[in-house]
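Rule-based calculations on the coordinates, nothing more; no lab input. None of these values were measured; they are calculated from a predicted model. Note that we place each Cβ from the backbone using ideal geometry, even for glycine, and neighbour counts take in every protein chain shown.
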């Protein structure tokens, strides 16, 4: 989590090869009009998460999957070793936050963070993401308390979508949620 590594190394590739795969996929996805959000490999599955202005629809994801699959067939030097499944998806409304860039894009959104077991302070925090720098994030919880959390201490994090507001017909932008309190 803290390294910003994509997790692609889980398929017997070195960290350098994982970084090279990610950089190459950024170009492939960008050529298709999208933005690479994340690459993760675990349990024989290569997950490629992509974004597009307005959000990708199913046709966009299917086309991107075809393009990436064909590219991986040609670039066996970068493809996962052995048998694997390719999953191409959008980040969704409750987006996983893994890298500093993900947190930077989510400033102002409501987030939920779970820290690594044994980390001093709170184990779980939910609130508005106030800041994200190169070392840590600051979350303001519903009571107004600020929690500064180093990336190295984050086990899992994601944005929190306000489902009640969405179901009540109020619009909450994708990937963001209204916090319980607002500053005037």
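One way to sum up the overall shape of the range 22-138 is the equivalent ellipsoid from its Cα gyration tensor, whose semi-axes run 30, 17, 12 Å, largest first.
The distance separating the Cα centre of the range 46-69 from that of the range 88-120 comes to 20 Å. Each label was represented as a point 7 Å from its Cα along the Cα-to-Cβ direction; for residue 122 and residue 53 these points are 3.7 nm apart. How would you classify the range 121-166 from its alpha-carbon gyration tensor, with a ≥ b ≥ c the square roots of the eigenvalues: rounded for a/c under 1.5, else prolate if a/b is greater than b/c, otherwise oblate? Verdict is prolate for the range 121-166.
Modelled label positions at residue 65 and residue 133, each set 7 Å beyond Cα in the direction of Cβ, lie 4.3 nm from each other.
From largest to smallest, the equivalent ellipsoid semi-axes obtained for the range 8-89 from the alpha-carbon gyration tensor read 21, 12, 11 Å. Peptides 48-55, 72-79 ordered by packing proxy, namely the average of other Cβ atoms within 10 Å per residue, highest first: 48-55, 72-79.
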